[in-house]
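**Student:** One structure is given below, represented as structure tokens, and several questions about it will come after.
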Amino acid sequence: MASPNFGTVIRNVRLPCTDSETSTWDIACIGGRVQSITSSGSCAPHGEAQIIEADGGVVVPSLCHSHIHLDKCFILGQCDPLITGSLPEALRVTNKAKAEFSKDVNNLYARATHLIRESVEAGVTAMRAFVEVDTTVGFACLDMGLELAKEWAEVCHIQIVAFAQEALYESATSTEPGPNYNLLRDAVSRPGVSVVGSAPWVESDRAHALKNIELILSLAEKHDLHADFHLDYNLDPDAIPMVWDVLQQIRQRSWSRSSGKLVTIGHATRLGLFSSGEWAELKRATVTLPLEIVALPQSDVYMMGRADPSGRVPVPLAGRTINAPQVYRDHGVRVALSVNNVENAFTPQGSLDPLTLASLGVALFQVGTEPDWRVLLLLVSCTGDNASGESVDEGDGIVPRVGDSADFVVVHGARRWQSTVLSPGFDRTTFYKGNVVARRRAQRWNAHTGGEISN
């Protein structure tokens, strides 16, 4: 890594703005911040500065996994074969596979390390990582997450969520939370845990789901943590969205945007059925109340809106997840986009690359305008992520400015910013706090060009 005294200079790079095809720039970074942005060839770096040649590639903000499961990635081969692909089946086969996690911690660490490494090489420098705590896995997943967060701290900021995927109440008749809650309560006191989370929809009924939310917010308040819920994960127009209950509880606790605590809801597919009036109401509430939303298109489109027994599909493809560009454009509500799961029963398909997710959004949401493409880029980037509760720079959020955090990814094959969304290339260099932390290049050969095939 570069010395903080001499810094890093990215040479001959295109900025993600309208004249990116005709102009290249040098970006000098010192102390984790952008020191200068000058026309190519005009920067005179210190003799010991690290010089990175961008070769005309496009620089965009580094990428973010605002919602990623670190412990359940790459387990599809360890699960029973999928028959229906349904949500109940995914829960069942995953729970069976989870029973083996604590018996093979080497596998647990290897899978999570693979996800982190591949993500950083794609350009990710921040992730909110969910690790489960319950009577099946105990603290095995949490121990793994905390250890890897420390190991990778100089390369990627990994924010650990102590997460209860399973119900906190044992049955519909339970008046007190059960052993899963007791374990979660112990977990959130561990150093390095930044967030406490749950999936209230797994409880036996709505009343217990509301109690689940209250328990999580109380833990967050007691331990000065953020809270994160898998919430409103349905497409039932008759279901009352629980986001309103969450907002009410936040209001009762007098939390605000300035209080330092942030509540995030993931999936939130039911919000995709909101009327303009409901979006306006949510927008008004979140001006002062600290609530953010993360949509998970690869998971939601796969799992939601399945055909009923008669073969009728209840919602169109794009309606299975929140249409983030439209919601941002029409209602001013920012909904981050994230990968969520990788190669498991909840999401057997899809890339862990956030730029590929943005590209999917172009087709899924049928957006053909540059402003919408820019929104997609923003919603998968670190500068566009409010959902993790980390401070972000102001301004456009995409074009770097002097004084901004020096967290970037250079997409080397691109010659204009639009290509980073429409057809993101493989060759990339990732910068975190002004240092090069990853570089990946494709090895190429074809019969037409000829030459030797290198191993």
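**Student:** What list of ³J(HN,Hα) couplings, whole Hz, do you get for region 308-318 from phi and the Karplus terms 6.51, -1.76, 1.60, once you set θ to phi - 60° and write x for glycine and proline?
**Tutor:** For region 308-318, the Karplus curve yields 7, x, 7, x, 6, 9, x, 9, x, 3, 5 Hz.
**Student:** Looking at the chain only, what percent of DSSP beta bridges run antiparallel? Nearest 5 please. Please list the in-between numbers first.
**Tutor:** Working: 27 of 66 bridges.
DSSP beta bridges in the chain are roughly 40 percent antiparallel.
**Student:** Can you bin region 81-223 into rounded, prolate or oblate? Criterion: square roots of the alpha carbon gyration tensor eigenvalues sorted a ≥ b ≥ c, rounded for a/c under 1.5, prolate for a/b above b/c, oblate for the rest.
**Tutor:** Cα axes put region 81-223 in the oblate bin.
**Student:** How far apart, in nm, are the 7 Å Cα→Cβ label points at residue 51 and residue 248?
**Tutor:** 6.4
**Student:** Measuring from label point to label point, each 7 Å out along Cα→Cβ, what is the residue 415 to residue 363 span in nm?
**Tutor:** 2.5
**Student:** Could you pull out every residue, at least 5 positions away or on a different chain, whose amide H is within less than 5 Å of the one on residue 234? Hs are placed 1.01 Å off N in the peptide plane, and Pro or chain starts have none.
**Tutor:** Here 269, 270 satisfy the definition.
**Student:** Follow-up question, since we're still on this one. Starting with the highest mean, order 293-299, 182-188 by the number of other Cβ atoms within 10 Å, averaged over the residues of each peptide.
**Tutor:** Per-residue mean Cβ counts within 10 Å order the peptides as 293-299, 182-188.
**Student:** Using a Förster distance of 35 Å, how high is the FRET efficiency between residue 351 and residue 222, based on the Cβ-Cβ distance and rounded to 0.05?
**Tutor:** On the way: r = 38 Å, r/R0 = 1.09.
With a Förster radius of 35 Å, E is 0.35.
**Student:** Right, something else. Taking only DSSP H segments of four or more residues, each worth -39500 (n - 2.57), what value at 222 nm results for the chain once the sum is divided by all its residues, to the nearest 500 deg cm²/dmol?
**Tutor:** Dividing the helical sum by the residues of the chain leaves -9000 deg cm²/dmol.
**Student:** In addition: First measure r as the distance between the Cβ atoms of residue 312 and residue 449, then evaluate 1/(1 + (r/R0)^6) with R0 = 45 Å and state the FRET efficiency to the nearest 0.05.
**Tutor:** Efficiency for this residue pair is about 0.30.
**Student:** Can you list residues from other chains, or at least 5 along the same chain, whose modelled amide H is less than 5 Å from the amide H of residue 261?
**Tutor:** Counting only residues 5 or more places away or on other chains, the set is 256.
**Student:** OK, next. Assuming 0.36 nm per residue, please report the length gained on full extension of the stretch residue 207 to residue 427 beyond their Cα-Cα distance.
**Tutor:** 74.2 nm
**Student:** If you restrict to DSSP beta bridges whose two residues both lie in region 253-382, what percentage is antiparallel, to the nearest 5? Walk me through the numbers on the way to the answer.
**Tutor:** Working: 1 of 8 bridges.
In region 253-382, DSSP labels about 10 percent of beta bridges as antiparallel.
**Student:** Summing Lys, Arg as +1 and Asp, Glu as -1, what charge do residues with Cβ under 12 Å from the Cβ of residue 42 carry, residue 42 excluded?
**Tutor:** Values: positive: 11; negative: 26.
Once all neighbours under 12 Å are counted, the net charge is 0.
**Student:** Of the DSSP beta bridges with both residues in region 128-285, give the percent that are antiparallel, rounding to the nearest 5.
**Tutor:** Working: 1 of 20 bridges.
Here the antiparallel bridges make up roughly 5 percent for region 128-285.
**Student:** Where a ≥ b ≥ c are the square roots of the eigenvalues of the C-alpha gyration tensor, would you call region 290-365 rounded, which needs a/c under 1.5, or, failing that, prolate if a/b is larger than b/c, or oblate?
**Tutor:** Working: a/c = 1.87, a/b = 1.23, b/c = 1.51.
Judged from the Cα gyration tensor, region 290-365 comes out oblate (a/c at least 1.5, b/c at or above a/b).
**Student:** Please turn the phi angles of region 297-302 into ³J(HN,Hα) values with the Karplus equation 6.51 cos²θ - 1.76 cosθ + 1.60 (θ = phi - 60°), one per residue in order, whole Hz, x for glycine and proline.
**Tutor:** Along region 297-302, the couplings run x, 4, 7, 5, 5, 5 Hz.
**Student:** Which percent of the accessible heavy-atom area of the chain goes to carbon and sulfur, probe 1.4 angstrom?
**Tutor:** 50
**Student:** To continue, here is another question. Return the FRET efficiency for the residue pair residue 104, residue 22: r is the Cβ-Cβ distance, R0 is 60 Å, and the value is rounded to the nearest 0.05.
**Tutor:** 0.65
**Student:** For region 166-268, rounded, prolate or oblate, judged on the Cα gyration tensor with a ≥ b ≥ c (square roots of eigenvalues), a/c < 1.5 rounded, else prolate if a/b > b/c?
**Tutor:** Because a/c hits 1.5 or more and a/b fails to exceed b/c, region 166-268 counts as oblate.
**Student:** Suppose every K and R has +1 on its Cβ and every D and E has -1 on its Cβ; what is the size of the dipole of the chain about the Cα centre, in Debye to the nearest 20?
**Tutor:** Charge dipole, the chain, about its Cα centre: 440 debye, nearest 20.
**Student:** Let me ask another. Put +1 on the Cβ of every Lys and Arg and -1 on every Asp and Glu Cβ in region 143-195; which of 194, 184, 146 then has its Cα farthest towards the positive end of the dipole?
**Tutor:** It is 194, whose Cα lies furthest towards the positive end.
**Student:** Points 7 angstrom from Cα along the Cβ direction at residue 91 and residue 172: gap in nanometres?
**Tutor:** Once both label points are built, they end up 1.4 nm from each other.
**Student:** Moving on to the next point. If amide hydrogens are placed 1.01 Å from N in the peptide plane, which non-local residues have theirs closer than 5 Å to the one on residue 436?
**Tutor:** Hits under the 5 Å cutoff: 2.
**Student:** So what are the ³J(HN,Hα) numbers for region 259-274, from phi and the Karplus equation (6.51, -1.76, 1.60; θ = phi - 60°), rounded to whole Hz, Gly and Pro as x?
**Tutor:** 7, x, 9, 10, 10, 10, 10, x, 6, 6, 4, 4, 5, x, 8, 4
**Student:** Identify, among 75, 210, 431, the residue whose Cα sits farthest towards the positive end of the charge dipole of the chain, taking +1 on the Cβ of Lys and Arg and -1 on the Cβ of Asp and Glu, with the dipole about the Cα centre.
**Tutor:** So the residue furthest toward the plus end is 431.
**Student:** So, in the chain, how many Lys pairs have Cα atoms under 28 Å apart, if the pair is 8 or more places apart or on different chains?
**Tutor:** 20
**Student:** What size of dipole, in debye to the nearest 20, comes out for region 200-299 about its Cα centre when the only charges are +1 on Lys and Arg C-beta atoms and -1 on Asp and Glu C-beta atoms?
**Tutor:** Values: 10 positive and 13 negative charges, 78 e Å.
My answer is approximately 380 debye.
The values are calculated or read from the model by the stated rules, or taken from the named source; none is laboratory data. These numbers were taken from a predicted model, which means no experiment stands behind them. FYI the Cβ positions are ideal-geometry reconstructions off the backbone, even for glycines, and counts take in every protein chain you see. Remember, those area values only see protein heavy atoms, side chains included, never the ligands or the DNA or RNA. Shrake-Rupley method; radii C 1.70, N 1.55, O 1.52, S 1.80 Å.
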